[in-house]
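Engineer: Structure provided below as structure tokens; questions to follow.
The values are calculated or read from the model by the stated rules, or taken from the named source; none is laboratory data. None of these values were measured; they are calculated from a predicted model. Cβ atoms come from the backbone with ideal geometry, glycine included; neighbour counts cover every protein chain shown. Just so you know, the surface numbers come from the protein's heavy atoms only, side chains and all, with ligands and any DNA or RNA stripped out. Shrake-Rupley method; radii C 1.70, N 1.55, O 1.52, S 1.80 Å.
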Amino acid sequence: MITRRTRSIRRRVAVAGSAIVLATLAALLAAVATTSTTEISDDGTTANIEENTLEPLPTAVAWTAAAAVVVAVGSMWVWAKQAVRPIQSLADVADSIQSESLDQRIRIDDAPAELEGLIDSFNAMLDRLEAAHIQQRELIEDTSHEIRTPLAAVALSLELAANDPDTTADTHRRNAEEALVLVEELNASVDDLLSAARRHSQHSSNTQADLGAVATRVVERHRLITPEVRLRLLGPAKLLVPLRAQEVERALDNLLANAINASAAGDTVTITTSTTGQTTVVSVEDVGPGIPVALQTRVFERYESGGEGSGLGLAIVKAIADSTGSITVTSPVVEGRGTRFEWTIHHS
């Protein structure tokens with residue numbers, strides 16, 4: 001059975017180095033033990049004959065050889081320790097990392113070139129783990145923030161209805177209608193949270209969605225929900241983009257809901273889709289009060305309303321848009337009013 005100790009790189013390097021030193025020393029000693037003699041033959045000719053003799057070595061030579069062996073083995077052991085120190089440091093950091101300390105990184109200034117790639121890969125892996133951990137924590141916070149208020153409102157409505165002895169059928173009906181509205185808000189929040197949880201997933205190069213069909217579906221749905229706001233859809237009936245249909249629908253739904261919330265009865269919201277070469281542009285424009293310039297840089301942050309919309313909607317739109325392009329906001333648009341969101345999608 002191979003133990004952890006015998007697999008040690010430090011031990012192997014030290015043993016190999018010591019073996020080389022010992023082999024070299026043995027060769028030198030063999031050369032010292034070799035003597036050369038001259039022999040005269042009967043016919044008067046001479047010849048040099050090498051004889052290998054094992055004469056006793058002088059004491060000084062023996063002690064010098066022994067000291068050299070000790071120094072060589074010790075030097076190899078120390079050198080091997082320095083050689084494997086980066087590996088041991090990497091192992092120590094890996095053992096010490098917990099979910100609360102994912103910000104730790106390997107920092108070794110004198111790491112050998114052979115290990116720099118390993119250290120960089122390990123640190124890159126920690127970067128990904130830390131980002132995933134932050135995303136998970138934010139998702140939990142978002143869930144708590146988005147769901148707590150509707151749940152509390154539903155609970156309060158039901159509690160009042162249950163404890164009021166004079167509650168009529170009309171009151172029960174009204175409370176039920178309010179509860180259904182709150183449940184719809186909960187469903188929308190859950191959908192947004194699921195989209196946020198998936199926003200870092202990789203997109204397959206073969207994934208495509210029909211932007212024209214998705215836009216038509218989203219517009220028709222909002223026409224039923226808010227008939228008092230006019231919705232105008234401009235663009236080709238079929239337009240393929242490199243995104244999943246669910247992502248396109250979620251982004252368009254949030255953009256359109258944001259524009260409708262900023263609009264008054266009788267206002268018009270215009271959705272325009274177009275493509276040029278390998279770029280598709282989606283524009284959603286309203287004629288509402290607009291977004292103050294000072295807030296436009298923060299409008300895509302979580303829970304920033306910027307004067308239009310609220311919650312996670314625009315933050316999710318930006319996450320989806322950034323995966324294949326970008327999104328910008330312009331306000332005001334005309335005569336000090338209106339807001340235009342322009343989503344650019346790159347096909348390659």
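Engineer: Sort 282-295, 251-264, 230-243 by packing, meaning the average of other beta carbons within 10 Å per residue, with the highest value first.
Structural biologist: Details: 282-295: 19.1, 251-264: 22.5, 230-243: 16.1.
The most tightly packed comes first, giving 251-264, 282-295, 230-243.
Engineer: What distance in nm separates the two pseudo spin-label positions at E138 and A68, each 7 Å out from Cα along the beta-carbon direction?
Structural biologist: About 6.6 nm separates the two model spin labels.
Engineer: Same structure, new question: Please give me the summed charge of the neighbours of T324: other residues whose Cβ is under 11 Å from its Cβ, Lys and Arg +1, Asp and Glu -1. Spell out each step's value before the answer.
Structural biologist: Numbers: positive: R244; negative: E247, D322.
For residues surrounding T324, the net value is -1.
Engineer: Quickly rank 219-229, 333-343 as a protection proxy: mean count of other C-beta atoms within 10 Å, highest first. Before the final figure, lay out each step's value.
Structural biologist: Values: 219-229: 13.5, 333-343: 17.4.
So the order, starting with the most tightly packed, is 333-343, 219-229.
Engineer: Please give the solvent-accessible surface of V15 in Å², to the nearest 10, using a probe radius of 1.4 Å with every protein chain present.
Structural biologist: For V15, the solvent-accessible surface is approximately 90 Å².
Engineer: With the dipole of region 206-256 worked out from charges on the C-beta (+1 for Lys and Arg, -1 for Asp and Glu) around the Cα centre, which of L255, A215, V229 lies farthest toward the positive end?
Structural biologist: So the residue furthest toward the plus end is V229.
Engineer: Give, in nm to one decimal, the length gained when the segment between N123 and Q104 is fully stretched (0.36 nm per residue of separation minus the Cα-Cα distance). Write out the running numbers ahead of the final one.
Structural biologist: Values: separation 19, 0.36 × 19 = 6.84 nm, distance 0.86 nm.
Between N123 and Q104, full extension yields 6.0 nm more.
Engineer: Please give the net charge around V334, taking every other residue with its beta carbon less than 13 angstrom from that of V334, where Lys and Arg add +1 and Asp and Glu add -1. Working shown, then result.
Structural biologist: Working: positive: R337, R340; negative: D267, E285, D286, E335.
So the environment of V334 carries a net charge of -2.
Engineer: With all protein chains present, how much of the accessible area of region 205-348 (probe radius 1.4 Å) comes from carbon and sulfur, to the nearest whole percent?
Structural biologist: Numbers: 3470 of 6650 Å².
Solvent-exposed carbon and sulfur of region 205-348 make up 52 percent of the total.
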